[in-house]
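Before any comments, here is the structure.
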Amino acid sequence: DAIVDRDLFERVGRQLKKNCSHKRTHDGRRYPYTLSGLTFCGVCGERMCGKSSTGSAGKVGYYEHLKVNVLQASRTERLPKHDPHRIPSEKVEPVVWGEAKRFVLHDDFATDLLSRARKMQESRNHADEAQKQKVKIRLHQRQIEALAERIGRLPTEMDATPLIDELKRLQGSKIDAEAALVEIERNEPMGDEPVSFESLHVFRKGLKKLVEKGETDKDIQTAIIRKVVHQIQILPDGIEIHFHV
């Protein structure tokens, strides 16, 4: 038999589901880490997490090296501080917000990012295609050598015509791959060819209306940053911001 009635059971289920998807807002009781989940150590690649401390000036937020904290928690001796160990949120957050606004509001800034991303992608595609042809050449060469050795071991009374035909086919394929590689290496990717800006323009246009609200609403500011910023790398002498382009 049921120990609770169906109405209570369903109400509890709805509440549990609501609790799991509850969105924590930037109220006055906790520091609004607008870059949470985006900050990483630019030296070792480990995540840097938001933390806070309370001093004479009140509550102070910062982003600290997560792995160092975890290792320190299990040891009694003090570990040497990782560089960068932490960065005050009041230093890094306004910079990232300012650059995010430039990405949304200024066409020349976004166009430059898109152009550089396009060049990087073309360069990668070019290198990948060349690598494919090199692998194909090596594979054909091994097959040719193995087949030639097999033909050499055949008894004189056996007909080697099928194997010789296959050898000729492999040699022809290898020559084609070598020619393709020469063509790829001769034609370097064009870095200055025009790129499409329309899709990025439409995306940014939708965010422009929210930027002004983001100046006073930390939830909106966080949402905009997450839409345009892929990762923030904290370095000993500054930060690098990587955008979604």
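The values are calculated or read from the model by the stated rules, or taken from the named source; none is laboratory data. Keep in mind that what you see is a predicted model, and the values were worked out from it rather than measured. Glycine also receives a Cβ, built like all others from the backbone with ideal geometry; neighbour counts cover every protein chain displayed. Protein only, heavy atoms only, side chains kept; ligands, DNA and RNA dropped before computing areas. Shrake-Rupley method; radii C 1.70, N 1.55, O 1.52, S 1.80 Å.
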Can you find a residue in segment 214-221 that is under 28 Å from LYS119 (Cα atoms) and either open to solvent by less than 20 Å² (accessible area, probe 1.4 Å) or hydroxyl-bearing (Ser, Thr, Tyr) (or both)? no
All-but-one check, ARG30 against (1) out of contact with any helix residue (DSSP H, G or I) (no Cβ under 8 Å at 6 or more places or on another chain); (2) of a type outside the set (Gly, Ala, Ser); (3) modelled with pLDDT of 85 or more, failing number (3)
Hey, any hits in segment 127-149 for a residue that's small (Gly, Ala, Ser) and modelled with pLDDT of 80 or more? yes
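Just to be sure I understand, how many residues within segment 213-245 are outside any helix (DSSP H, G or I) and among the polar types (S, T, N, Q)?
3
Restricting attention to segment 67-110, report how many residues are polar (S, T, N, Q) and either touching a residue at least 24 places away in the same chain (Cβ under 8 Å) or touching a helix residue (DSSP H, G or I) at 6+ places or on another chain (Cβ under 8 Å) (or both).
1
Assess whether LYS17 counts as being modelled with pLDDT of 80 or more and open to solvent by 40 Å² or more (accessible area, probe 1.4 Å).
yes
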